[in-house]
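We did not get these values from a lab; they are worked out from the coordinates using the rules stated. Values in this document were obtained by computation on a predicted structure and should not be read as measured data.
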Ligand SMILES: *Cc1c(COP(=O)(O)O)cnc(C)c1O
């Protein structure tokens, strides 16, 4: 059993994986949080490192036999520091939400106040949504985007911060198309004595590729998933400054190291053994992101998103904030007489994946919202240029207009397959 291949041991799962590989190869992926990772990253993730237990950190493990793992983790840390220019990094978080949980554990007490972006204005579940642990354990107060511009108004953020005096100010999003003013967030936090945390899950690849500004020089803590624009394994990391914070320890206020608190927050606070095979995959992804080609990719992701926004608006769709600075756009589909869900279903029929999304001040319900969120990271990875992206956008429009015409949709499906064959993925 140890030596048989997957196909020999379990043809059912093998076939399911083949089916998914076909779907990915001949479908257009516009889900803004998805991407295609390299075969090299996948090879590391499928390696014998999955067999190891290594609770603890480099040189301080709770299990024997970790000398090779220590070498791997050290390399991953060094590469990450080089890539983002951070002072400290913990590469062990299992995914984005657990990474954020570990940060809250490290720097907050239950009930502490945090300022974050409202979910239906582009924030993430783990930024204080009432159904999420974050909203249950901590007292999140939220800022919004401006109704007219669709952008975050930093003067409003300051007003709320001065009024609410949060312990932590969180900047980051899952569905917002504009650059954040990192420096201004930091100034506001300093004014009210708050710690700063950026969650760059969506744009980490654009930051690593030097296509947009990084919060790392300004912010105390920066978390990110590694599988979105960064194109690594499904996982996360936490970066932080080498500084001290005030923390209540056994009833006494003490100066403690932020880096040590973050590390303790991850292990033993949140997690047990790290996933060494995934962490090796992260090391590979960091190496890939350090190559000059990655910077070209990052710039092209943004060019493609801007081409998509432009084409959408030309076709008469309302794009939130009238454009984009990053890899994603949120489109109000009701501007064309369909709901976000209807658009998602119509696109699914021709092999285009996207996610329905609320729009700011959405009059519709979260399960059946007005918009869709579209992203260009995955198609850029497989080589789509601006002209291909404009073509995809026109296809989306035709698909929405033909949503009840099965024959027309079948014809569009053929065009999609042709476009995918022009830019092969793993084949
Ligand atoms: C995707 C995302 C996460 C959560 O990542 P998971 O790995 O799905 O838990 C956290 N924060 C933001 C801003 C995200 O976009």
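Considering Cα pairs under 8 angstrom that are at least six residues apart, work out the relative contact order of region 296-422 and quote it in whole percent. Walk me through the intermediate numbers first.
On the way: 195 pairs, mean separation 33.6, N = 127.
Result for region 296-422 is 26 percent.
Would you mind giving the three semi-axes, in whole Å and largest first, of the ellipsoid equivalent to region 296-422 according to its Cα gyration tensor?
Equivalent-ellipsoid dimensions as semi-axes: 21, 19, 11 Å.
I'd like the distance between the alpha-carbon centres of region 1-66 and region 154-217, rounded to an integer number of Å.
Cα centroid of region 1-66 versus Cα centroid of region 154-217: 33 Å apart.
Using the C-alpha atoms of region 43-289, what convex hull volume per residue, in cubic angstrom, is computed? If you can, show how the numbers build up before the last one.
Working: hull volume 30.0 nm³, N = 247.
Taking the convex hull of the Cα positions in region 43-289, it is 121 Å³ per residue.
Would you kindly calculate the translational diffusion coefficient of region 1-92, applying Stokes-Einstein with the Kirkwood radius from alpha carbon pairs, for 10 °C and a viscosity of 1.306 mPa s, and quote it in µm² s⁻¹ without decimals? Display every interim value, and only then the final one.
On the way: Rh = 16.7 Å.
Once the numbers are plugged in, D ends up at 95 µm²/s.
Could you tell me whether region 113-169 comes out rounded, prolate or oblate from its Cα gyration tensor? Rule is a ≥ b ≥ c as square roots of the eigenvalues, rounded for a/c under 1.5, then prolate if a/b exceeds b/c, otherwise oblate.
Oblate is the answer for region 113-169, as a/c is 1.5 or above yet b/c matches or exceeds a/b.
Along its three principal axes, how long is the chain when you only count alpha carbons? Whole Å, largest extent first please.
The Cα atoms of the chain stretch 70, 61, 38 Å along their principal axes.
What residue among 407, 204, 307 has the largest mean-square fluctuation in a Gaussian network model of the chain, using Cα springs under 10 Å?
Evaluated over the chain, the most mobile residue of the options is 407.
Taking a temperature of 37 °C and a viscosity of 0.692 mPa s, what whole-number D in µm²/s does Stokes-Einstein yield for region 220-310 with Rh from Kirkwood over alpha carbon pairs?
On the way: Rh = 15.9 Å.
Using the Kirkwood radius from Cα pairs, D works out to 206 µm²/s.
Largest first, please: the extent of the C-alpha atoms of region 1-158 along each principal axis, to the nearest Å.
60, 46, 32
Taking the chain as a Gaussian network, Cα atoms linked when under 10 Å apart, which of 296, 216, 145 shows the biggest mean-square fluctuation?
Highest fluctuation of the listed residues: 296.
Once you order the gyration tensor axes a ≥ b ≥ c over the Cα atoms, which shape class does region 380-427 get: rounded for a/c under 1.5, otherwise prolate or oblate by comparing a/b with b/c?
oblate
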